[in-house]
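A short write-up of the structure that comes next.
Any read-out appearing in this document is the output of simple, stated calculations on the displayed coordinates, not a laboratory observation. As the structure is a computational prediction, the values presented were derived from the model and not from experiment. Cβ placement follows ideal geometry from the backbone for every residue including glycine, while neighbour counts extend to all protein chains displayed.
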Amino acid sequence: MPKKADASAGRKTATGRKKGAPGGGTAVGGAEAAEEMPRGGAGGRLRVTQVRSGIGHAATFRRTLRALGLKHHQDSVVVPDNPSIRGMIKKVEHLVKVEAVED
């Protein structure tokens, strides 16, 4: 029995590359590069401000905003600088602004 051809074979993505083609992915550097998160010292703290609404975004993003303590648009919280918080910030980086807090 002959094998069926892969449905995605030959289709191109929005960038014009075939799926799975080498060199794909996001651009690094230039205007499209994301800003780097501020570096806090050991035991440092970060001020996280919600700058975009969670409305219209996935429920996981809204739950992450709540877990960070952000309840509404333009709300700010000061959180400890640790890997778990940085992971949450990374997940919703398109919805928040992050600043290092000076003690």
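Here are some notes:
- Taking every residue in the range 78-91 that is under 17 Å from R62 (Cα atoms) and pairing it with any residue that is surrounded by 14 or more Cβ atoms within 10 Å (Cβ to Cβ) and β-branched (V, I, T), at least 6 positions away or on another chain, the pairs with Cβ-Cβ distances below 8 Å are I85/V79; M88/T64; I89/V48; I89/V96; I89/V98; K91/T64.
- Complete set of residues in the range 70-99 that are touching a strand residue (DSSP E or B) at 6+ places or on another chain (Cβ under 7 Å) and among the small types (G, A, S): S76
- Qualifying residues in the range 50-79 (those that are under 14 Å from the mean Cα position of the chain (by Cα), not charged (D, E, K, R) and not in a helix (DSSP H, G or I)) - the one farthest from K97 (Cα to Cα): A58
- Scanning the range 57-91 for residues that are out of contact with any helix residue (DSSP H, G or I) (no Cβ under 7 Å at 6 or more places or on another chain) and basic (K, R) returns R62, R63, R66, K71, R86, K90.
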